[in-house]
Every structure is written in C-alpha cells, then in structure tokens.
Amino acid sequence: MRIHRIALTLSLLGLASAATAGYDTHPRFAEFAAELQAEYKIPEAETRAWLKNAEKMQSVLDAIQRPAEKVLEWDKYQDIFLTKKRIESGKVFMETHKALLEKAEKEYGVPKEIITAIIGVETFYGTRQGTYRVLDSLSTLAFDYPDRPLFWRELKAFFALSEKEKLDPEAIKGSYAGAMGYGQFIPTSYLEYAVDGDNDGKRDLWANPADAIFSVANYFSRHGWISGEPVTQRVTVTGAAYEPIVNATRKPEMTVGDIRALGVTPSIKIADDKPATLVHLLGKEGPEYWLGEFNFYVITRYNHSRMYAMAVYQLSENFK
C-alpha cells in the first residue's frame, strides 16, 4: 500500500509540475528564442526567464476561438458605442485634455474628435484597458494557437517592446489578444507608431494621456489620413446596378463618378474624381448606404470593421 501511495504522490506531483510549467519547456521554445535573438538581439537566457513565468490561459484560447455570441448588425452595434454616457464622457475627456488634443491635431492633421472617438470606442477613454496579463495571453496564443501565426510575431514584438521601453513583461495588462493601453495598440503597432507625446523619454500608452493621444494621431497620419477631408456621407440608391460593389472593398478603388453611374446619389456635393467605396449597413430603420471616402478607409486600418469605422465617425460627430 505504501508503495502505491508513493507512486500516486509522485504522479500527482508530476501532473502539478506539468500544469504549472512555463513556455520555456514548449517544443518550439528554441525556435522562438533563436528568432527573437536574430531579430531583436534579445539573448536566449532572457527569453527563457520571461517565458518560464508565462502561463497557458484556456480562457484566452476559448475567447479567440469562440464565434461571436451574436452577430451584431449596425442597429445593435451603435447601441453599444453611441450611448449618451459614452458621448458625455468623451466631451469631458476632450475638455480635460484640450491642449494635448489641439496640439496633436495641429501636428498630425487628425481631428481631435476622431482621436477622442478612437480612445472612447477602444477603452471608454482609458478606463477599460483590459485585465489579462499580456505575457500570458500572447504566449498562449503564440504557442498554442497555430491557426493565427500573427501572435508569434506579436509575442516577439512584445518582448522587444519591453526591452526597449524598460518595462516588466510580467506587469503589463491588456486585452486577451494582447492589445494595450488607451488606444489598444498591439505590440507591433506600439513599436512602430507609439509616440512620446510629452517628451519625458518614455512611450507610456497605459497611464500617460499625452503619449496615448499623440500615438493615435501618429497612427492615423502614418496610414494616410487626409487633413480637412470628410469621412463619409449618406447616399441613396436606385435600381440594382450598384449591388456588386456594396461592401466589396475597404480601400476606395472606384471614383465617385463611377459609383454615381451605378445608381448611387450622394447627399452632399462631392467631386466625381474622388475615390470612394459604397458601404451598406443595417440600421434601426432598415438598410443604410454610405459613401466611404479615403479617411473612412483609414479608420478601418485601425479596425477592419465597417461598423467600427462608422461608430468612430458618428461618435466623433457628437463632439463637434
């Protein structure tokens, strides 16, 4: 009996050890560490020390694989992001950070209302930045979710970001997919687009509104935001010739004149040679058709959803 108890105890200890093992024991650790050293000059010993403390999170795998509980249409989507509370809180945010927003707008050409709306949609003005430890979420997705290899790249960028900004990887919180800070930048975007808005020598998107505001503005500027140009306008449609181009592309690949010739009539005067797309959304009163100009496309570079872009646009309009 005593031998059996000892064997059982050793077995349980082995299971406990396996359950708590970090990603430094994963079969692909050596591959990851070699790439990280080659790309970002981070030594294997440092990578091992970080990944040793990374925990696999089943909740992250469940969240990333779970189909949306409900496929929302625009009529419901706007109920989430265009609430009175979000609008009023945005106005407070704009008043609180008026000088920073005006400076960012002047420097990058991106309207302060758009910057505020992005932060409002992403994290309710910085108050909902995510509670997952990014080390755990990105390690889980990089090593145990091979269907999305982009997370392998994001984990490498996360370690490079931690090294560059002198951050503790174990202390950083974000979304289950590794998005961080006021504007929910993924690590590659953080490395590429984050800005030290107040020149204090750091790029802190979690606690520094100046850095967050300037970083969102820089992201939009770098993706081609056209200063002074509209985002979108309602249009009416007739016939059926327009149907093949509805939501066909995010990037404007036709001219307004081409779209107009298919039975689409803008509600506001616009030049025929401007690039645009035809956007269809299902609103509270039925189908809605919108002309997406280039700046609408730029918003979808932040998030590919047309409903997201429309929510940002309409939220921003409430701040004017």
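Say R0 is 22 Å: what FRET efficiency, to the nearest 0.05, do E165 and E107 get from their beta-carbon distance? Before the final figure, lay out each step's value.
On the way: r = 22 Å, r/R0 = 0.99.
Efficiency for this residue pair is about 0.50.
Of all the Cα-Cα pairs you can form in the chain, what percent are over 25 Å apart? Intermediate results must be reported in sequence, preceding the final value.
Values: 29853 of 51040 pairs.
More than 25 Å apart: 58 percent of the Cα pairs in the chain.
First compute the accessible area of the chain with a 1.4 Å probe, then give the percent of it belonging to carbon and sulfur atoms. List each step's numbers first, then the result.
Values: 8530 of 16110 Å².
Answer for the chain: carbon and sulfur cover 53 percent of the accessible area.
What accessible area per residue, rounded to a whole number of Å², is obtained for the chain using a probe radius of 1.4 Å? Don't skip to the answer; put the middle values down first.
Numbers: 16110 Å² over 320 residues.
Averaged over the residues of the chain, the accessible area is 50 Å².
Taking the highest mean first, how do the peptides 296-302, 181-187 order by number of other beta carbon atoms within 10 angstrom per residue? Before the final figure, lay out the partial values.
Working: 296-302: 22.4, 181-187: 25.6.
Put in order of decreasing packing, that is 181-187, 296-302.
When all protein chains stay in place, what accessible area (Å², nearest 10, 1.4 Å probe) is found for E46?
About 50 Å², rounded to the nearest 10.
Classify the stretch 232-292 as rounded, prolate or oblate, taking a ≥ b ≥ c as the square roots of the eigenvalues of its Cα gyration tensor: rounded when a/c is under 1.5, otherwise prolate if a/b is larger than b/c and oblate if not. Could you put the intermediate results ahead of the total?
On the way: a/c = 1.44, a/b = 1.37, b/c = 1.05.
It is rounded, given that a/c, with a ≥ b ≥ c, falls under 1.5.
Averaging sequence separations of C-alpha pairs under 8 Å and six or more residues apart, then dividing by the length of the chain, give the relative contact order as a whole percent.
Working: 479 pairs, mean separation 53.7, N = 320.
Contact order relative to length: 17 percent.
How much solvent-accessible surface does F214 expose, in Å² to the nearest 10, with a 1.4 Å probe and all protein chains in place?
Using a 1.4 Å probe on the heavy atoms, I get roughly 10 Å².
So between N199 and S59, what do we pick up on full extension, going 0.36 nm a residue minus the alpha carbon distance? Intermediate results must be reported in sequence, preceding the final value.
Numbers: separation 140, 0.36 × 140 = 50.40 nm, distance 3.80 nm.
Extra length available between N199 and S59 comes to 46.6 nm.
Using Cα atoms only, what is the angle between the long axis of helix 112-123 and the major principal axis of the chain, expressed in degrees (0 to 90) to the nearest 10?
Helix 112-123 and the main axis of the chain meet at about 40 degrees.
I'd like the trypsin sites (Lys or Arg not before Pro) in the stretch 115-202 restricted to DSSP loop residues with at most 12 other Cβ atoms within 10 Å, sorted by number. Let's see the in-between values first.
Details: sites: R128, R133, R153, K156, K164, K166, K173, K202; in loops: R128, K166, K202.
Here the trypsin sites (Lys or Arg not before Pro) that fit, given the DSSP loop and packing criteria, are R128, K166.
Using a 1.4 angstrom probe with every protein chain in place, what is the largest-first accessible-area order of H280, H223? Before the final figure, lay out each step's value.
Values: H280 55, H223 25 Å².
Largest accessible area first, the list is H280, H223.
Need one word for the stretch 79-179: rounded, prolate or oblate. Basis is the Cα gyration tensor (sqrt eigenvalues a ≥ b ≥ c); a/c below 1.5 gives rounded, then a/b vs b/c decides.
It comes out prolate by the Cα gyration axes.
May I ask you to compute the full-extension gain from K91 to I226, defined as 0.36 nm times their residue separation minus their alpha-carbon distance, rounded to one decimal in nm? Write down the numbers at each step before the final one.
Values: separation 135, 0.36 × 135 = 48.60 nm, distance 2.40 nm.
Answer, rounded to one decimal: 46.2 nm.
Can you compute 3J(HN,Hα) from phi for each residue in the stretch 41-56, using the Karplus curve 6.51 cos²θ - 1.76 cosθ + 1.60 with θ = phi - 60°, rounded to whole Hz and x for Gly and Pro?
Whole-Hz 3J(HN,Hα) from phi for the stretch 41-56: 6, 9, x, 4, 4, 5, 4, 5, 4, 5, 6, 4, 9, 7, 10, 5.
When a/c is below 1.5 the answer is rounded, else prolate if a/b is larger than b/c, else oblate, so apply that to the stretch 153-193 with a ≥ b ≥ c taken from the square roots of the Cα gyration tensor eigenvalues.
Numbers: a/c = 1.40, a/b = 1.14, b/c = 1.22.
Note, shape of the stretch 153-193 comes out rounded.
Could you list, in their original order, any pairs among K76/K173; K56/K91; K98/K164 whose Cα atoms are separated by more than 32 Å?
Pairs exceeding the cut-off: K56/K91.
Take the alpha-carbon centre of the stretch 261-320, take the same for the stretch 178-225, and report the distance between them in whole Å.
So the two Cα centres are separated by 26 Å.
Kindly list the residues of the stretch 270-302 that lie in the label zone of A248, defined by a backbone N under 13 Å from the point 7 Å along the Cα-to-C-beta vector.
Residues 276-279 fall inside that zone.
How far apart, in nm, are two points set 7 Å out from the Cα along the Cα-to-Cβ line at D258 and at L72?
3.2 nm
Can you tell me the length gained on complete extension of the stretch Y40 to E288, counting 0.36 nm per residue apart and subtracting the Cα distance?
Roughly 84.6 nm would be gained on extension.
The values are calculated or read from the model by the stated rules, or taken from the named source; none is laboratory data. The structure displayed is predicted, hence computed values, not measured ones. Virtual Cβ from ideal backbone geometry, glycine too; neighbours counted across all protein chains shown. For the accessible areas, the whole protein counts, side chains as well, though only heavy atoms, and no ligand, DNA or RNA atoms are used. Shrake-Rupley method; radii C 1.70, N 1.55, O 1.52, S 1.80 Å.
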